[in-house]
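The values are calculated or read from the model by the stated rules, or taken from the named source; none is laboratory data. In this text the structure is predicted, and so the values were computed from the model without any measurement. No Cβ is skipped: glycine too gets one built from the backbone with ideal geometry, and neighbour counts run over all protein chains shown. Ligands, DNA and RNA are excluded from the accessible area calculation, which covers all protein heavy atoms including side chains. Shrake-Rupley method; radii C 1.70, N 1.55, O 1.52, S 1.80 Å.
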Amino acid sequence: QQLIDSFSVPMVIDFWHLPGFIKKLNHSGLSSNKHLNYYFKLLLKPLFMAAIIFLAVCFVNINPRNMNNTKLIAAGLVVGFLIYFLTEICISVIIAYGIHPFFAALSPIIITLLMSKLILLQFHEATS
């Protein structure tokens, strides 16, 4: 039964049972890359959400005197969707190059934080 479960998607396995299941897969010689990747993505999801919040701060600076808020909010939505899709692509590419799944799950978070920091610094310099 566990051999059949190893070919299933990692999302059907409970988060708390996932580390033990990954160990069983490694001991049996089967690949645990999908499960390990999913585990680290779940583990680092709060950090990713915090990075998205920092990015959202860049686009929520609503000024009532400026009537260009709709474009700013639309740009924020587009950037949010792009970040979401690019993280999946980034994780897949990094794992394909053989880098550990923890760093593959951490790299989109770091990129998002650095990008939001850059936008905030540029915006702060432009307004001051």
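If the cut-off is 28 Å between C-alpha atoms, which lysines fall inside it for residue 45, apart from same-chain ones fewer than 8 positions away?
23, 24, 34, 117
What order do 102, 85, 40 take when sorted by accessible area (1.4 Å probe), most exposed first? Numbers along the way, then the final one.
Working: 102 65, 85 120, 40 30 Å².
So, going from the largest accessible area down, we get 85, 102, 40.
Could you tally the net charge around residue 38, taking each other residue with its Cβ under 13 Å from the Cβ of residue 38, Lys/Arg +1 and Asp/Glu -1?
Numbers: positive: 34, 41, 45; negative: 14, 88.
Local charge sum for residue 38: +1.
Cut-off under 16 Å on the C-alpha distance; same-chain residues fewer than 8 positions from residue 41 excluded. Which lysines are left, in chain and number order?
The qualifying lysines are none; the list is empty.
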